[in-house]
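These notes are about the structure you will find just below.
The values are calculated or read from the model by the stated rules, or taken from the named source; none is laboratory data. This is a predicted model, so every value here is computed, not measured. No Cβ is skipped: glycine too gets one built from the backbone with ideal geometry, and neighbour counts run over all protein chains shown. Each accessible area value is taken on the protein alone, full model and side chains, heavy atoms only, with ligands, DNA and RNA left out. Shrake-Rupley method; radii C 1.70, N 1.55, O 1.52, S 1.80 Å.
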Amino acid sequence: MLQNEIWLLLLTVAPILAAGLIGFAMLTRNEDGAAERRENAAAMRRLYRL
(Lines give C-alpha, C1' and ligand atoms only; values in the text may rest on other atoms or scores of the structure.)
Protein backbone atom coordinates (compact mmCIF):
# COMPACT_ATOMS: atom_id res chain seq x y z
CA MET A 1 0.00 0.00 0.00
CA LEU A 2 2.89 2.36 0.71
CA GLN A 3 4.12 1.97 -2.86
CA ASN A 4 0.87 3.43 -4.17
CA GLU A 5 1.29 6.56 -2.07
CA ILE A 6 4.90 6.93 -3.17
CA TRP A 7 3.89 6.70 -6.84
CA LEU A 8 1.04 9.14 -6.31
CA LEU A 9 3.41 11.58 -4.61
CA LEU A 10 6.00 11.14 -7.35
CA LEU A 11 3.51 11.62 -10.16
CA THR A 12 2.02 14.78 -8.64
CA VAL A 13 5.04 16.50 -7.12
CA ALA A 14 7.54 15.84 -9.92
CA PRO A 15 5.59 17.66 -12.69
CA ILE A 16 4.86 20.58 -10.37
CA LEU A 17 8.54 20.81 -9.44
CA ALA A 18 9.60 20.56 -13.09
CA ALA A 19 7.15 23.31 -14.10
CA GLY A 20 8.46 25.50 -11.29
CA LEU A 21 12.06 25.02 -12.36
CA ILE A 22 11.24 25.76 -16.01
CA GLY A 23 9.32 28.88 -14.98
CA PHE A 24 12.18 30.05 -12.79
CA ALA A 25 14.67 29.54 -15.62
CA MET A 26 12.48 31.48 -18.04
CA LEU A 27 12.07 34.38 -15.61
CA THR A 28 15.76 34.68 -14.77
CA ARG A 29 17.33 34.30 -18.19
CA ASN A 30 19.32 37.29 -19.35
CA GLU A 31 18.02 39.05 -22.46
CA ASP A 32 20.33 41.19 -24.58
CA GLY A 33 19.69 44.90 -24.38
CA ALA A 34 19.44 47.20 -27.39
CA ALA A 35 23.04 48.38 -27.04
CA GLU A 36 24.34 44.83 -26.85
CA ARG A 37 22.34 43.84 -29.95
CA ARG A 38 23.83 46.78 -31.88
CA GLU A 39 27.32 45.85 -30.72
CA ASN A 40 26.79 42.22 -31.77
CA ALA A 41 25.48 43.30 -35.17
CA ALA A 42 28.50 45.56 -35.71
CA ALA A 43 30.85 42.75 -34.74
CA MET A 44 29.11 40.37 -37.17
CA ARG A 45 29.43 42.96 -39.98
CA ARG A 46 33.14 43.38 -39.23
CA LEU A 47 33.61 39.63 -39.06
CA TYR A 48 31.86 38.90 -42.36
CA ARG A 49 32.69 42.25 -44.03
CA LEU A 50 29.10 42.96 -45.04
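Table for the structure above
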| quantity | calculated |
| --- | --- |
| With at most 13 neighbouring Cβ atoms within 10 Å, loop trypsin sites (Lys or Arg not before Pro) (DSSP) excluded, longest segment of the chain | 1-28 |
| Table column - 3J(HN,Hα) (Hz), region 12-17, Karplus curve with 6.51, -1.76, 1.60, x for Gly and Pro | 9, 7, 4, x, 5, 5 |
| The chain, accessible surface, carbon-and-sulfur percent (1.4 angstrom probe) | 67 percent |
| Value of [θ]222 nm, deg cm²/dmol, for the chain, DSSP H segments ≥ 4, -39500 (n - 2.57) each, nearest 500 | -29000 deg cm²/dmol |
| Loop-resident sites, the chain, for GluC sites (Glu not before Pro), counting at most 10 other Cβ within 10 Å (DSSP) | Glu31 |
| Top positive-direction residue, dipole computed over the chain with Cβ charges, set Leu17, Asn30, Tyr48 | Tyr48 |
| Rotationally averaged projected area of the chain (alpha carbon convex hull; nm²) | 5.5 nm² |
| Estimated distance in nm for a label pair at Ala42 and Leu2, the labels positioned 7 Å out from Cα along Cα-to-Cβ | 6.6 nm |
| Per residue accessible area in Å² of the chain, where ligands, DNA and RNA are left out and the probe is 1.4 Å | 101 Å² |
